[in-house]
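See structure below.
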Amino acid sequence: MSGSSRLMSPFQTPRCLSAAAPAGKAKLTHPGKAILAGGIAGGIEICITFPTEYVKTQLQLDEKANPPKYRGIVDCVKQTVSSHGVRGLYRGLDSLLYGSIPKAAVRFGMFEFLSNKMRDESGKLDSKRGFLCGLGAGVAEAVVVVCPMETVKVKFIHDQTSANPKYKGFFHGVREIIRTQGLKGTYQGLTATVLKQGSNQAIRFYVMTSLRNWYKGDDPNKIINPVVTGLFGAFAGAASVFGNTPLDVIKTRMQGLEAHKYKSTMDCAVQIMKHEGPMAFYKGTVPRLGRVCMDVAIVFVIYEEVVKVLNMVWKTD
């Protein structure tokens, strides 16, 4: 038998090597590295893209019943710069910056923690499991960071539209919100936020996992060019925007200064449909699309590059 096996080996070797040699075992990212890399990526990204987030939020808060204050994206930018200068487009940045770093850290840390446990024996993560890991990461970031951060951010931006803004800065605003509404005042729209972030990250990581698997083929350790990673990230971001903008609009309304008029997340959705029509659920889609595509592309590129550096200086294998 041993002789027979040796005779057969020349015919079997190419096939075995073609499957095993290129593939090997995928390298896993330590959750600690993911947390650090995610935090760095989140901080850099928000400084670049915040003005588009500001415009998106203003348009979503601009209800038809008022009537609308802004005629569109350009008009919103013009009015803001005219009234508050260019710095007006960065109102609320500090609140979002304080949250973006831990948000991305929790997101990537949780994703790597879950994905490391759900990969197959070769270390590969299929797209369905990528979806579930993304969902878990989105829910975690929503509860731990995003809901309180977004509530404060929306209140800050909405406060700017008032004749006499009452929030003088991030910490003053947080103190005022907690003083007048209690800790629950920073958790307005939790249900909508969990639904939004969960679906956001589920869609994004599903798309990213699918595209990465397609690009790498039989070699799970194949290096992906940062430009390609950016393109994949932009595509994943666009998919999430078209998939859950209605949830984003509801979340924004539930966190605004007039959130008291909504009894619940469902009541908010019903009132928007009743008074403003179905198109109101897609307010701010264009600025959100531009911001999210940049956001996801930038975050994934920076994240991947920082992980590469950490792998050289932080040995966890």
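The values are calculated or read from the model by the stated rules, or taken from the named source; none is laboratory data. Model, not experiment: these values are computed from the prediction. Cβ atoms come from the backbone with ideal geometry, glycine included; neighbour counts cover every protein chain shown.
The table below gives the values:
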read-out	value
Count of segment 13-51 residues which are assigned to a helix (DSSP H, G or I), over 26 Å from Met294 (Cβ atoms) and modelled with pLDDT of 90 or more	2
Within segment 53-79, tally of residues that are assigned to a helix (DSSP H, G or I) and without any contact (Cβ under 8 Å) to a residue 40 or more places away in the chain	6
Test: Tyr98 is aromatic (Phe, Trp, Tyr), in contact (Cβ under 8 Å) with a residue 60 or more places away in the chain and either in contact with a strand residue (DSSP E or B) (Cβ under 9 Å, 6 or more places away or on another chain) or crowded, with 22+ Cβ neighbours inside 10 Å (or both)	no
Condition check for Val249: of a type outside the set (Gly, Ala, Ser), free of Cβ contacts under 8 Å to residues at least 60 places away in the same chain and surrounded by 14 or more Cβ atoms within 10 Å (Cβ to Cβ)	no
Number of the condition not met by Leu211 [criteria: (1) over 24 Å from Ala142 (Cβ atoms); (2) hydrophobic (A, V, I, L, M, F, W, C); (3) without any contact (Cβ under 8 Å) to a residue 12 or more places away in the chain]	(3)
Residue match in segment 243-265 (condition: over 17 Å from Thr52 (Cβ atoms) and at pLDDT 90 or above)	no
